1. Please specify each residue of region 120-137 satisfying the condition of being among the basic types (K, R), outside any strand (DSSP E or B) and over 17 Å from D153 (Cβ atoms).
2. Considering only residues that are within 17 Å of T133 (Cα to Cα) and of a type in the set (S, T, Y), which ones fall in region 150-191?
3. Just to verify a result, which residue in region 151-188, among those that are surrounded by fewer than 16 Cβ atoms within 10 Å (Cβ to Cβ) and among the hydrophobic types (A, V, I, L, M, F, W, C), is farthest from V122 (Cα to Cα)?
4. When D40 is evaluated against the numbered criteria (1) at pLDDT 85 or above; (2) open to solvent by 50 Å² or more (accessible area, probe 1.4 Å); (3) of a type in the set (D, E), which criterion, by number, is the only one it fails?
5. Identify all residues within region 41-53 that are of a type outside the set (G, A, S) and either farther than 15 Å from V164 by Cα or in a loop (DSSP other than H, G, I, E, B) (or both); write none if there are none.
6. So if I check each of I162, I134, which one is over 16 Å from M87 (Cα atoms) and within 22 Å of the chain's Cα centre (by Cα)?
7. Listed residues S86, S56, S81; which is within 22 Å of S194 (Cβ to Cβ), of a type in the set (S, T, Y), at pLDDT 90 or above and not in a helix (DSSP H, G or I)?
8. Within region 131-150, take every residue that is touching a residue at least 12 places away in the same chain (Cβ under 8 Å) and open to solvent by 60 Å² or more (accessible area, probe 1.4 Å) and give me the one that is nearest to K180 (Cα to Cα).
Amino acid sequence: MSKGVKIALVIVVILLGLCCMGGAAFYFISQRVVSQAVTDDPTKAATLGHEIVDYSLPDGYRELGGMNALVFKMVFIGAESGTADSMFIMLMQIPTGTTMDQEEMQRQMTDAMQKQGQGRNVKMHVVGTQTATIKGKPVTLTVSEGEVTEGDDAGTLFRQVIGVFPAKDGTAMLMAMGKKDTWDQAMLDSFLASIK
């Protein structure tokens, strides 16, 4: 082997070693950042939720977890009992100055819901709208429904409601999801009316 080939091999080995060390460092740093951004502590999640908007929890519901990422905050609200028949609510905040339209916010919220295991292989279709009063102003909510396509819940109908309104800092988006046959509209209306 010539001297030039040996030098090239040594350089390649050093570069590969540096790449491996950089990859390992990136992995450990990103794990730390993610673990600090996501919480399943109800107290921290409640604090995070009230940084988005002030609200009163419906009876039997609590903050399950939350996330404080670079450009948005989220809080997940569900039944204390954790039953599959209860509704699930997610609030997300996009700060002022972030350019994201309502459709993009809805896509982000749906993706987050899927990652939380709430999507259940459901392809949602818009079935109408309804108006709610949030923070003293009328807000149009998009109502979607869909059927679970696979798994143990196959054939079960789900309902989803999404609305966008002003947050404490920027724009808030709410998504509520649950089984259509156990949908609690009165609970959702009470929660929406409590938002300040």
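1. Scanning region 120-137 gives a single hit, K135.
2. Listed by number, the residues that qualify are T171, S190.
3. A186
4. Of (1) at pLDDT 85 or above; (2) open to solvent by 50 Å² or more (accessible area, probe 1.4 Å); (3) of a type in the set (D, E), only one is false for D40: (1).
5. D41, P42, T43, K44, T47, L48, H50, E51, V53
6. I134
7. S56
8. Once the filter is applied, the top-ranked residue is E147.
The values are calculated or read from the model by the stated rules, or taken from the named source; none is laboratory data. Keep in mind the model is a prediction, meaning the values are calculated, not measured. Positions of Cβ are backbone-derived with ideal geometry, glycine not excepted, and every protein chain shown enters the neighbour counts. These area figures cover heavy atoms from the full protein model, side chains too; ligands, DNA and RNA do not enter into them. Shrake-Rupley method; radii C 1.70, N 1.55, O 1.52, S 1.80 Å.
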